[in-house]
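Peer 1: Before I ask anything, let me first share the structure, which is written out below as structure tokens.
The values are calculated or read from the model by the stated rules, or taken from the named source; none is laboratory data. Remember, it's a predicted structure, so these values are computed and weren't measured experimentally. Counting neighbours? That spans all protein chains shown, and the Cβs are built from the backbone with ideal geometry, glycine included. Areas reflect the complete protein model, heavy atoms only, side chains present, ligands, DNA and RNA absent. Shrake-Rupley method; radii C 1.70, N 1.55, O 1.52, S 1.80 Å.
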Amino acid sequence: MPDRRTILVPVFLLAQAALIHWASGRERAPAPPALGSFPTAFGAWRQLSEDPIAADVADQLRADQILSRTYMRTSILDATLPATTGPVVGLFVAWFQSQRAGTSQPHSPKVCLPASGWIPAVTGEVTMDTAAGVITVNRYIVVNHGQRDVVLYWYQGWRRVTAGEWAAKFWLVADALRDRRTDTALVRVVAQSGDGGDQAATAAATGFAQVLYPLLRENLPR
């Protein structure tokens, strides 16, 4: 006898696509955010580099806006002074103006990371208190050829942060029906586990995410 999930999942996805198509017939897609103007310094973090995405990867993502940077934590708040060495994190944000067509949707790191050779060693969630409220995000520890990274990621809409892929699909339908909007952002923060191990990398990633989230709320469409 077939597993109920093998039957229910396709039915749910078909129903989701039909509902989104119907609800977004008069979709009020927001204007794109100016992610290129996202602050290069905030809190104790300063930008180290801009990390452009390769054209073929961008074509696969089909995101309307992409932000890819590396930041470093430093006690130096004056941008004119040289930064001291501190924890380094990578930030990636892919913003989608509309998911109506079904082809322009966030690619889950649960799929993309293993496809890129990163093997999950630890999976779970972490809850953080931020200036804009408490959020729960995914926390992965992944390994690839001896390198070990801590990855935080979440889906951020104008109403909420969602960790789970299925929860994101549910709220996509609800928001399309209620707001006639299907825009969302996939946010990913990566910190490499070095001498301090997973604990230090997790502390760096969560510390960065705590100050990042309120800023993203201000910069993404409301």
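Peer 1: Going from most exposed to least, what order do LEU177, LEU35 have by accessible area with a 1.4 Å probe? Intermediate results must be reported in sequence, preceding the final value.
Peer 2: Values: LEU177 85, LEU35 0 Å².
Correct descending sequence by accessible area is LEU177, LEU35.
Peer 1: Also, quick follow-up: For ARG28, what charge total do you get from the other residues with a beta carbon under 9 Å from its beta carbon, if Lys and Arg give +1 and Asp and Glu give -1?
Peer 2: It works out to a net charge of +1.
Peer 1: Measure off, as a whole percent, the carbon and sulfur share of the 1.4 Å-probe accessible area of region 130-202, all protein chains present.
Peer 2: Result for region 130-202: 51 percent of the exposed heavy-atom area is carbon or sulfur.
Peer 1: Going by accessible area, probe 1.4 Å, with all protein chains left in place, what is the ranking of GLU50, GLU27, largest first?
Peer 2: Solvent-accessible surface, decreasing: GLU50, GLU27.
Peer 1: Related question: Ranked from the most accessible area to the least, with a 1.4 Å probe and all protein chains present, what is the order of ASP149, ASP59?
Peer 2: Sorted by accessible area, descending: ASP59, ASP149.
Peer 1: Same structure again: For a quick size check, give me the Cα extents of region 170-222 along its three principal axes, largest first, whole Å.
Peer 2: So the three principal-axis extents are 48, 23, 11 Å.
Peer 1: Gain in length, GLU165 to VAL211, computed as 0.36 nm per residue apart minus the alpha-carbon separation, to one decimal in nm?
Peer 2: 14.2 nm
Peer 1: Using a 1.4 Å probe on the protein heavy atoms only, what accessible surface does SER116 show? Give it in Å² to the nearest 10.
Peer 2: It works out to around 80 Å².
Peer 1: Report the FRET efficiency, 1/(1 + (r/R0)^6), for GLN147 and ASP59, where r is their Cβ-Cβ distance and R0 is 22 Å, rounded to 0.05.
Peer 2: The pair GLN147/ASP59 has a calculated efficiency of 0.25.
Peer 1: When N counts the residues of region 74-222, how does its alpha-carbon radius of gyration compare numerically with 2.2 N^0.38 Å, as a ratio?
Peer 2: Working: Rg = 16.3 Å, N = 149, 2.2 N^0.38 = 14.7 Å.
Compactness ratio reported: 1.11.
Peer 1: Any idea of the accessible area per residue across region 168-217, 1.4 Å probe, to the nearest Å²?
Peer 2: Values: 1940 Å² over 50 residues.
Counting only protein heavy atoms, the per-residue value for region 168-217 is 39 Å².
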